[in-house]
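Structure first, then comments.
The values are calculated or read from the model by the stated rules, or taken from the named source; none is laboratory data. Since we're looking at a predicted model, the values are computed, not measured. All Cβ positions, glycine included, derive from the backbone under ideal geometry; neighbour counts span all protein chains shown. These accessible areas exclude ligands, DNA and RNA; they are computed on the full protein's heavy atoms, side chains included. Shrake-Rupley method; radii C 1.70, N 1.55, O 1.52, S 1.80 Å.
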Amino acid sequence: MADATANLSGPRGPKPRKALSRRNIILYGILALVSLYYILPLWVMVMTSLKGMPEIRMGNIFAPPVEITFEPWVKAWSSACTGLNCDGLSRGFWNSIQILIPSVILSIAIASVNGYALINWKFKGSEVFFTILIFGSFIPYQIMLYPIVILLREMGIYGTLWGLVLVHSVFGMPILTLLFRNYFSSVPEELFKAARVDGAGFWGIYFRIMLPMSLPIFVVAVILQVTGIWNDFLFGVVFTKPDLYPMTVQLNNIVNSVQGVKEYNVNMAATMLTGLVPLIIYFASGKLFVRGIAAGAVKG
Amino acid sequence: MSSKPMRKRMLRNVNAKIAAIPMIITTLVVFVGGTIWSVVYAFTGSKLLPKLKFVGFDQFDRLWSNSRWMVSIENLMWYGIFALVFTIAVGFLLAVLLDQKIRFEDTFRTILLYPFALSFIVTGLVWQWLLNPELGIQAVVRGMGWTSFTFDPLYTPELVLVGLLMAGLWQGTGFVMCIMLAGLRGIDEDIWKASRVDGISKWKTYLFVVIPMMRPVFITTLVIVAAGIIKLYDLVVAMTSGGPGNSSQVPAMYVYDYMFQAQNLGQGLAASTMMLLSVLIVLIPWAYLEFGGKKRG
């Protein structure tokens, strides 16, 4: 063995690459250009929201503000008008929060138990329901909108926040169940069997073993649901009333209202405010966000 | 037959069955029940309220002779083809670039993916502002001296889909890139070693070895992106509201307007049935390839 290594006395390891090879210049050049295209809209959004209207009319949308003003943000938050309401986007923000929190908790609670039951407590027909659930996630929502309106009306919660919470929980179920099912299937079965031998039941195993073991996947699920529900527009329009509209719907009504002079700085501040929640989640969560969307793409 | 074993079987796993009640209700009542309800009522003359007065294929005849619906279908088709080809081609190319063991991979990925975290409404409004003819990109280019430069897609009926595509691609390409990158990472390192030993160039390896190996990833992406395109709604509402004129109408908008605004429920349901049909055309061959083959094999 010693001889063998001694004979390999030439240079070892991969050939060192020059930092400024032609390949690298092209590679990083393309990536930098593409990144620029991706960053520009965010840049323009922020810059516009910090300018006054005279400066916007005079200048270049890509230029940073000469005089920074936060007035558009204040106006967008507290006094921008939609129809007769002039209390700004804050109303939509609080509506969205009130929709978001129960929807996230309810949908994750249901889906995690589902995923657990589908893996460890299979019953006759459980796989059939799961298959329908996954197929259901591809069906256009439009076909189920009206029947859901009728169901919610029968239940007396049509047009309320709770109706919308229920809708989000129902439509969050396919992807979340898939997510939890895939995760729980990777938990060693011996663990489950050992707990069974020790006399733990359905809920005992769920709360004492599965739940504590799967905190990362719960975080992924929260990220998925928070961004998904926050960004929803269609369900908000269909299942709530103007006073209870979530932030996205109110934002669209503010910006695309036909009356009055267009205040582009206020519009962009409002857009930025609405985008801020998912952006913060995105930048804070990093790789977990990627894991969430990968889970959605990988077939179960 | 005594009822004892029967009852025993029902009680087996009773907690799991109780826990699965929300899922069972969702699938049976909302997904299956709701879909059947809508398809059945699409054959009725329901106006403001659902009424079981069957009119045969009347609603569908009316639908397909409505010029607004025809425009919607045509728009969706063109938007769909371009969006599919571009997101998948560009998404894959970007994934390949990111897969070259580059520095700052995380930074690039973070930049390329952030639009996906934003809603279509936010995306649409930002691009509406960028494409504003008096103050947006057109004005900036003109300000630099090229005074005859014209790029005003949102107010030009023939170009409005280009405007929608710019925004849609900006929002969705990062997502495809991420899936593709995961697919590339799933390919065995030995493939690369083998192709290097055989002296096959890198791009040839991608074209003839890696892409065929990633076929399932491509198909899954295709189905997910296609199913998303058929639902296209928020982006159009935010960017153009279907205008100028009717030039950027899409099916989902037609459904919403007839169901909730024009009080012509039957017509809205017929349109949504057509949407369902188009998804099934995408979905059934995929399900057949994905699951049908395996069961027999």
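Observations on the model:
- Just one of the listed residues (B:Gly186, B:Gly199, B:Gly242) is out of contact with any strand residue (DSSP E or B) (no Cβ under 7 Å at 6 or more places or on another chain) and within 24 Å of A:Asn256 (Cβ to Cβ), namely B:Gly242.
- The set of residues in the range B:228-258 that are within 8 Å of chain A (Cβ to nearest Cβ), open to solvent by 10 Å² or more (accessible area, probe 1.4 Å) and in a helix (DSSP H, G or I) comprises B:Ile230, B:Asp234, B:Val237, B:Tyr256.
- Residues of the range A:234-256 that are aromatic (Phe, Trp, Tyr) and either part of a helix (DSSP H, G or I) or open to solvent by less than 10 Å² (accessible area, probe 1.4 Å) (or both): A:Phe235, A:Phe239.
- A Cβ distance below 8 Å, combined with a sequence gap of six or more or placement on separate chains, defines the contacts here; from the range B:261-278, residues that are more than 24 Å from B:Ala227 (Cβ to Cβ) and at the interface with another protein chain (Cβ under 8 Å from one of its Cβ atoms) reach residues that are part of a helix (DSSP H, G or I) and open to solvent by 20 Å² or more (accessible area, probe 1.4 Å) in the pairs B:Leu265/B:Tyr41; B:Leu265/B:Tyr258.
- Test result for B:Pro212, open to solvent by 20 Å² or more (accessible area, probe 1.4 Å) and at pLDDT 90 or above: yes
- Exactly one residue out of A:Leu234, A:Leu276, A:Leu251 is in contact with a Lys or Arg (Cβ under 9 Å, 6 or more places away or on another chain), under 24 Å from A:Ala76 (Cβ atoms) and either at the interface with chain B (Cβ under 10 Å from one of its Cβ atoms) or β-branched (Val, Ile, Thr) (or both), and it is A:Leu234.
- Search result, residues across the range A:179-189 that are under 20 Å from A:Ser107 (Cβ atoms), away from chain B (no Cβ under 12 Å) and open to solvent by less than 40 Å² (accessible area, probe 1.4 Å): A:Leu179, A:Phe184
- Residue list for the range B:72-91, filter: within 13 Å of the chain's Cα centre (by Cα), within 17 Å of B:Val217 (Cα to Cα) and not hydrophobic (A, V, I, L, M, F, W, C): B:Thr87
- A single entry from A:Ile30, A:Ile61 fulfils the requirement of being within 22 Å of B:Leu169 (Cβ to Cβ), surrounded by 10 or more Cβ atoms within 10 Å (Cβ to Cβ), at pLDDT below 90 and within 14 Å of chain B (Cβ to nearest Cβ): A:Ile61.
- Members of the range B:179-209 that are part of a helix (DSSP H, G or I), exposed (fewer than 13 other Cβ atoms within 10 Å of the Cβ) and not β-branched (Val, Ile, Thr): B:Arg185, B:Glu189, B:Asp190, B:Lys193, B:Arg196, B:Trp203, B:Lys204, B:Leu207, B:Phe208
- Scan of the range B:23-49 for residues that are assigned to a helix (DSSP H, G or I) and either among the hydroxyl-bearing types (Ser, Thr, Tyr) or buried (at least 19 other Cβ atoms within 10 Å of the Cβ) (or both), ordered by number: B:Met23, B:Thr26, B:Thr27, B:Val30, B:Phe31, B:Gly34, B:Thr35, B:Trp37, B:Ser38, B:Tyr41
- Scanning the range A:120-133 for residues that are assigned to a helix (DSSP H, G or I) and open to solvent by less than 40 Å² (accessible area, probe 1.4 Å) returns A:Asn120, A:Ser126, A:Phe129, A:Phe130, A:Leu133.
- Selection status of B:Ser278, in a helix (DSSP H, G or I), over 25 Å from B:Ala182 (Cα atoms) and not acidic (Asp, Glu): yes
- When restricted to residues that are part of a loop (DSSP other than H, G, I, E, B) and either crowded, with 16+ Cβ neighbours inside 10 Å or among the charged types (D, E, K, R) (or both), the range A:190-212 contains 2.
- Screening A:Ile56 against (1) within 30 Å of A:Glu71 (Cβ to Cβ); (2) open to solvent by 50 Å² or more (accessible area, probe 1.4 Å); (3) modelled with pLDDT under 90 leaves a single unmet condition, (2).
- Residues of the range A:142-166 that turn out to be more than 7 Å from every other protein chain (Cβ to nearest Cβ), in contact (Cβ under 8 Å) with a residue 12 or more places away in the chain and either surrounded by 21 or more Cβ atoms within 10 Å (Cβ to Cβ) or of a type in the set (Gly, Ala, Ser) (or both), as a count: 5
- Each residue in the range A:101-132 was checked for being at the interface with chain B (Cβ under 7 Å from one of its Cβ atoms) and either without any contact (Cβ under 8 Å) to a residue 40 or more places away in the chain or over 20 Å from the mean Cα position of the chain (by Cα) (or both), and 8 pass.
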